């Protein structure tokens, strides 16, 4: 026992400290804050690209043949007014009117009424784009991005289920 005391004493005299146990890393909220800011920026950028019509799937090359053909005129925003039924579920979208600024007077049922945070329509080159964001306990932040097809009198696009974090292709047909 005496030898261990002497060894400890010699460490004190020589000025060296015994090695301490490694510190545990403290969990930081910086990583979480960074992830939240990154998600917000991605969503803001995606919304900007959606409303400006500069989607990620746009082709940047020019086609000479398509330029020589007359482009069909985009349908009026009023064409989306009506009752629409989703083809794969019982969800219904009722668009009662379009304001001058493109905002829609709309209702959504799945099968009961679901609160709509934002509903807007925008006229693009040869189609009408409809955006609906739901804000309800059953659908917090879920969105529809739809394009109206005047030939089929339907709206097609994608649905983002914010609860399941999944994207799916959807079609709405006009209810009679």
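The values are calculated or read from the model by the stated rules, or taken from the named source; none is laboratory data. If you're wondering where the values come from, they're calculated on a predicted model, not measured in any experiment. Neighbour counts are summed over all protein chains in view; Cβ atoms, including those assigned to glycine, are modelled from backbone coordinates with ideal geometry.
Here are the numbers:
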| item | result |
| --- | --- |
| Output for the stretch 120-161, where each listed residue is outside any strand (DSSP E or B), at pLDDT 90 or above and surrounded by 19 or more Cβ atoms within 10 Å (Cβ to Cβ) | none |
| Single residue of the stretch 162-173 satisfying the filter (surrounded by 14 or more Cβ atoms within 10 Å (Cβ to Cβ) and modelled with pLDDT of 95 or more) that is farthest from the chain's Cα centre (by Cα) | 173 |
| Residues that are in contact with a strand residue (DSSP E or B) (Cβ under 9 Å, 6 or more places away or on another chain) and over 20 Å from residue 117 (Cβ atoms), drawn from the stretch 90-103 | 90 |
